[in-house]
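See structure below.
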Amino acid sequence: MAMYRYLGTVGILLLGAAPSIASAQDVDSGEIIVTAVNRQQATKTDMPLLDTPQNIQVFSAALLRDQNVSLLEDALRNVAGVQPSGIATGFDFFRIRGFDASDFIYVDGLQRETSANVEPSAFESIEVLKGPSSSLYGQGSVGGLVNLNSRRPRKEAFADLEFGIGSFGYYKPTIDVGGSFNEGQSIYGRLFATYRREGSFVDQVKGIERIYVAPSLTIEIGERTSLTLLAQYQHEDNMDVAGLPAQGTVLPNINGKIPYRRYIGSSIHPSKVKNDYYSLGYLLRHEFSDSVDFYQNVRLAWYRPRWDNLYNGLFLDPDNQRDFYLYVFEQDRNLRKLSTDSGINARLHTGSVEHNLTFGVEYSDTSDSQTYYLNFDDLPVLDLFDPDFNLYKPVLEPSPTHTDSTNIGIYMQDAIRLTERLTFTAGGRWSRMKSDDGFETVTHSKFTPRVGMNYRFVDEVAGYASWSRSFNPQPGYYTGDGRPVPPEEGEQFELGVKTALMGGRISVTAAVYELTRSNLATSDPFDPSSYIVTGKQRSRGFELDSQLRLGGGWEALFAYAYTRAKVVSDSSTPSGDWTANVPRHSVNAYVKYTIEEGALEGLGFSGGITGYSKQAGDLPNTFYLPGYVVVGGNISYERDGWRAQLNIDNAFDRKYFPTSYDQTLIMRGDPRTVRLTIGRAF
């Protein structure tokens, strides 16, 4: 009950704190290309992105539909400095600016409860905030975070039906319908639902089966108040695709190459991964005046994964290089989380100076019960070159845990427009995390500031500079003398230039940065059950992000990143080693042309290329993954409400290895896939 009393108390306090403030004059920065940007969702303010001292990239559902992405990491390839780092199917793994950010996926401004795969087609837009964002969002990755905006109800009646078929038994029917329920159009709803069946190129792996349903309802309570109710249900059946060892894939093996389609696992005990996710929540907005508004986001979510018979490599016999020793892993988990974020935005003047103030309180309460089942003493063995998949299943030992945790954060930011062209931003957040695993209660508190400055050289071009810090607790880690390991910390300096030319049709951001991650916990070589806090890593880089709508039916996207991420100091890794799964050079280019008039009006063609240079496969650096380039594109036709689209990914059927964990886990890239989608909009 304390949680629910908290919600009411926060709402009353924030509503009561709203002053009567004179309206501030709006500044029009134009639209960001290809997207409809909800600036408040990305930055918790209504400040134009040109006046925000951070590299933020936003992509719309239209681009995701054109590229027909199945995974979040496929969508994120459009962003410079974001690399896939997946080490297990069924989960979204990615790095931003050289550091893992997979656990910091947000939905509608609230942190998602799991990194299990999202359904990309269910969202209106994707926002990527690069670099430390703890000044507003609290604990998080030093690299940044990703926010997904749910499809919201619309007043106008509509219906969009779609069906896709393709390689490896892929099919995907989708329905998206909505409209108003009353004559005054003050109550309107939406239902998005899809079913995805997608096979695998790996032998004996059945692939993925997913059901996703998301109803929503908006109620306008007067002219200045709106309440949007959001719900999600996702059920997924999957089979884990275990990685292959480095020897035989990216390193030589005396027996030759391991077949690309080779299955790692048991045919009599096939892996089963079931994930269930439910959530209920609301978005409340109230405008006290043209210059003051209140927001409250609330979500109650349940996550229930059940994994059986997950066979994974532990080590490869160093002598014959063919006997792959496997361990078996299972999990049963039940997580419940309540998340809230309540705040006020106010725009006011003090003399000739304009302020854009944000003040908010965020709270979450999590109950997480898990039971792991493992056995590292009895290891099945698979001959990689002459396999017998009738592997036995060892008796697994259960290891139950239960953790209750709470997080509270109070944040404030002021974006001060000192002159017509100069904006200074300063803010920070005090955060407190408390976790109790039944044995010990650990509490961490931290203040994380950010300061930045933007200067508009002309109305559509701005330069910016910023300094920010982040922190990320490490619960469950203890030093040799029994003390809790302190949170990881991050610090970043960033300089950049942004444009929103031609009314936002040409959006370009170029940035350089230095990002330092410290307080890394590494295993004590004399006591593997405890940790030493000596680690420090640094990433320095350059990024170029661009989205262009050039007219005449031409659209383009180009992203390039140079990322030099390395170990600065560590108790077990040599200084200078590259951080894993971070190529020095990465590029993504996408061009689309649509015929806008004549008999072939609506016919479109697109092509894209994604390339990565070599990257370290592990820490310390014992091997590297080769660089690779994949090419794809589509042909589409849209007219009179009908839409047809043929997508080809990895058109030249390139075999490549995008990510790894260590020498026993190398992930394989998807081969050529072809998909046809037909849709009808009413």
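The values are calculated or read from the model by the stated rules, or taken from the named source; none is laboratory data. Model, not experiment: these values are computed from the prediction. Cβ atoms come from the backbone with ideal geometry, glycine included; neighbour counts cover every protein chain shown.
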Residue count, the stretch 267-290, condition surrounded by fewer than 21 Cβ atoms within 10 Å (Cβ to Cβ) and not basic (Lys, Arg), comes to 14
If a residue has to be within 14 Å of residue 164 (Cα to Cα) and part of a loop (DSSP other than H, G, I, E, B) to count, how many in the stretch 192-209 make the cut?
-> 1
Is there a residue in the stretch 547-560 that is on the phi > 0 side of the Ramachandran plot and under 26 Å from the mean Cα position of the chain (by Cα)?
-> no
If you scan the stretch 478-496, which residues turn out to be more than 17 Å from residue 134 (Cα to Cα) and crowded, with 16+ Cβ neighbours inside 10 Å?
-> 478, 479, 484, 485, 496
Looking only at residues in the stretch 212-225 that are in contact (Cβ under 8 Å) with a residue 40 or more places away in the chain and of a type in the set (A, V, I, L, M), which one is surrounded by the fewest Cβ atoms within 10 Å (Cβ to Cβ)?
-> 217
From the list 396, 384, 418, pick out the single residue that is over 30 Å from residue 139 (Cα atoms) and buried (at least 18 other Cβ atoms within 10 Å of the Cβ).
-> 384
Considering 197, 224, 190, which residue is in contact with a His (Cβ under 7 Å, 6 or more places away or on another chain) and among the charged types (D, E, K, R)?
-> 224
Per-region count, the stretch 257-301, residues more than 23 Å from residue 312 (Cβ to Cβ) and either of a type in the set (Val, Ile, Thr) or not in a strand (DSSP E or B) (or both) | 6
Can you find even one residue in the stretch 226-249 that is more than 27 Å from residue 163 (Cα to Cα) and free of Cβ contacts under 8 Å to residues at least 24 places away in the same chain?
-> no
Subset of the stretch 341-359, residues more than 23 Å from residue 430 (Cα to Cα) and surrounded by fewer than 19 Cβ atoms within 10 Å (Cβ to Cβ), comes to 348, 349, 350, 351, 352, 353
For the stretch 392-406, pairs from a residue that is over 18 Å from residue 374 (Cβ atoms) to a residue that is in a strand (DSSP E or B) and basic (Lys, Arg), with Cβ under 6 Å and 6 or more apart or across chains, are 406/434
Pairs, please: C-beta under 9 Å, at least 6 apart or cross-chain, first residue in contact (Cβ under 8 Å) with a residue 24 or more places away in the chain and in the stretch 618-630, second charged (D, E, K, R) and assigned to a strand (DSSP E or B)?
-> 618/662; 619/662; 622/662; 630/649
Among the residues of the stretch 88-107, which ones are over 18 Å from residue 541 (Cα atoms) and either modelled with pLDDT of 95 or more or not in a loop (DSSP other than H, G, I, E, B) (or both)?
-> 91, 105, 106, 107
Tell me which residues, restricted to the stretch 431-482, are in contact with a helix residue (DSSP H, G or I) (Cβ under 8 Å, 6 or more places away or on another chain), hydrophobic (A, V, I, L, M, F, W, C) and within 22 Å of residue 522 (Cα to Cα).
-> 471
When the stretch 158-191 is examined, which residues are found to be in a strand (DSSP E or B), surrounded by fewer than 17 Cβ atoms within 10 Å (Cβ to Cβ) and of a type in the set (D, E, K, R)?
-> 160
What do you reckon, is residue 547 assigned to a strand (DSSP E or B) and within 25 Å of residue 450 (Cα to Cα)?
-> no
State all residues of the stretch 51-87 that are over 24 Å from residue 563 (Cα atoms) and assigned to a loop (DSSP other than H, G, I, E, B); if no residue qualifies, say none.
-> 68, 69, 70
Might you let me know whether the stretch 599-612 holds any residue that is surrounded by fewer than 19 Cβ atoms within 10 Å (Cβ to Cβ), touching a residue at least 40 places away in the same chain (Cβ under 8 Å) and in a loop (DSSP other than H, G, I, E, B)?
-> no
Within the group 489, 494, which residue is part of a strand (DSSP E or B), farther than 30 Å from residue 556 by Cβ and either within 23 Å of the chain's Cα centre (by Cα) or at pLDDT 95 or above (or both)?
-> 489
With the first residue restricted to the stretch 190-211 and required to be touching a residue at least 40 places away in the same chain (Cβ under 8 Å), and the second required to be in a strand (DSSP E or B) and aliphatic (A, V, I, L, M), Cβ contacts under 7 Å at 6 or more apart or on different chains are 192/214; 196/208; 198/208
Condition check for residue 244: surrounded by fewer than 21 Cβ atoms within 10 Å (Cβ to Cβ) and at pLDDT 95 or above | no
Residue check, residue 129 against (1) out of contact with any Ser or Thr (no Cβ under 9 Å at 6 or more places or on another chain); (2) surrounded by 22 or more Cβ atoms within 10 Å (Cβ to Cβ); (3) modelled with pLDDT of 95 or more, all met but one. Which one?
-> (1)
Being of a type in the set (D, E, K, R), over 27 Å from the mean Cα position of the chain (by Cα), surrounded by fewer than 17 Cβ atoms within 10 Å (Cβ to Cβ) and modelled with pLDDT under 95, is that true of even one residue in the stretch 321-338?
-> no
